[in-house]
Every structure is written in structure tokens, then in C-alpha cells.
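Q: The structure that follows is given in the form of C-alpha cells.
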Amino acid sequence: MSELKTIHEIRLGNTRKLMKESGLTRSEFAEKIDMSYGLVSQYIGKNPTKNIGDETALKIEEAFNKPRGYLDQSEIQNENAHQLDGAASFKQLDIEAFKKKYNIPDSEDAVLFSNVIEKPLVISKRWVPVKAYSKMGMDGYFTDMGYDGNAGDGYVPTHTAGDRSYAIKGTGDSMYPAIRNGWYVVCDPDAELTPTEFVQVCLKDGRCTIKEFIGIHNNVLNLLAVNGGERLTFDMDEVESITAITDIVPPSQHRQQHPKAH
């Protein structure tokens, strides 16, 4: 943390800076503030012998059309004020013109990082079908009922899903509090499996479950219950598929019909 300065030190620094920025010599500076060269040297010379008092500070501020108290502001305050002035002068962006210029449809969100931009970053919202499963039991297992969201289970939005992604509705309290009853998890078959993140595991006997992925060691799949309790292992010969979960979506985002359907 920088050392705190006295008001006199702040005024001295700001006055010297003001003279430097003005491009005036010390004699010209003295003339502008209607003060003798010798007195100015006592205030802002290499080894000042006088402190800049309130009346002198006001005199300097008025001579340079600065607001009252300008010389009393620290460097940080002056910098912040400068940044605010710059922000106020930024060109106002016409959002509709911006979207039209870069062919951004209303269904997508444009993220603008700066006032000067060559190409916008567009975050696409993909709607994925909700896959139908039986209700999850207290043991966390459920079974695939054999049809997808286009058969009547609706859709949920996600920004992270790939083309083959789908969603599952969590039912019951076996995964509480990580995944609440009625919330949806988005599964992406093309996403990479990452230790400590959630996955959907389907076994060859037809059962599926959502667990925390630990890893595969010596052909054994290691999992942890979502609620942080039981540790499970499965021989990979028992496993049909392991699918990464890339998003968790609240029920309020669910739509029965695809938003882009006509």
C-alpha cells in the first residue's frame, strides 16, 4: 500500500503536474497565476519553503479553470475522474444496428467486450430435448423409456451443449442438494470426461445413474454419489456408456415446445 500523503504534499505534486502539462515555464506559470517568480519558487521549487495554502490553491485552480478542490485530489482520484470522463465520451452503441451489421439473430446473445471491435463474440443458446426416463429411485437409478424430447418431454436451453446433447430431469431427492428435484442436467456425449465433475452412467442391464466421476483404473470405473456420500465401482464390462454432464438448468427454463418451432 502506498504511503498516505499530507494535503500539502498532494497540492505540491498536483501543481507541479499542472505546470508540466500546461507547457509553461516557471516564469510564465507565475505570470498566469499573478504571482512573483520568487514566491512561486518557494511553493513549487526543488526545495520548497512554503506550503500551498487554501487561498493559493484556489488562485491556481481558478487561473487554469479547474474545479475547486482539484489540487486536493490524490493521483488515484484524478485517474478515476479521468477514466469517467473518457467513459462519458465513448461513442454510444446502437444495438440494433450492431446486430444487423454482424447478422446476429434475436435468439442469440451478443457479448461486447470493447467499444472498438472487429468481430463480435456470439454465445449461441441451444435448445436440447429432454429425454424421458423413469422416476429416479432413492438409490439414484432410473431407466431409459426409449424416446426423446420431441416425443413430448420438452426442451431446455444451454450454452455449453454439442449437437448430440440431451437433458434429463432429476426426480426425487437422491442427488440433493447438488441437483434438486425437478431440475435438469444436460448430457453431452461429445464432451470430455473430467474427474470430480458429474456424469451419466448407463449400465448394460438398462439402469442409469448420475454420479461424480473419479476415474477409470485397471478397467474399473470409480464414482462418488452426487451428495458426497457413497463411493461406487463398476467393472467396465458392466458399463454401456459414460456421458459428461455439462450444465444444470432450473425448471423455469423448460419449454414444452421448441422456441424456434413454427
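Q: Would you mind calculating the gained length between residue 58 and residue 36 on full extension (0.36 nm times residue separation, minus the Cα-Cα distance), in nm to one decimal?
A: 6.3 nm
Q: If the chain between residue 181 and residue 21 were fully stretched, how many nm would it gain, using 0.36 nm times the residue separation less the Cα-Cα distance?
A: The residue 181-residue 21 span can extend by a further 51.1 nm.
Q: Also, quick follow-up: After finding the eigenvalues of the alpha carbon gyration tensor for the stretch 2-55, what semi-axes result from the square roots of 5 times each, listed largest first in whole Å?
A: 19, 13, 9
Q: Taking 25 Å as R0, compute the FRET efficiency from the Cβ-Cβ separation of residue 164 and residue 232 and round it to 0.05.
A: After rounding, the FRET efficiency stands at 0.45.
Q: How much net charge surrounds residue 219 when only the other residues with a Cβ under 14 Å from the Cβ of residue 219 are counted, with Lys and Arg +1 and Asp and Glu -1?
A: -3
Q: With r defined as the distance between the Cβ atoms of residue 196 and residue 256 and R0 fixed at 30 Å, what FRET efficiency is calculated, to the nearest 0.05?
A: Calculated value: 0.30.
Q: In addition: Which trypsin sites (Lys or Arg not before Pro) in the stretch 180-262 pass both tests, a DSSP loop state and at most 11 other beta-carbon atoms within 10 Å?
A: Here the trypsin sites (Lys or Arg not before Pro) that fit, given the DSSP loop and packing criteria, are 204, 260.
Q: Using a simple spin-label model with points 7 Å from Cα along the Cα→Cβ vector, what separation in nm is obtained for residue 47 and residue 6?
A: Between residue 47 and residue 6, the simple spin-label model gives 1.8 nm.
Each reported figure results from applying straightforward, stated rules to the coordinates on display, with no laboratory input. All figures in this text were calculated on a predicted structure; none of them were measured in a lab. Note: ideal-geometry Cβ built from the backbone for every residue, glycine included; neighbour counts use all protein chains shown.
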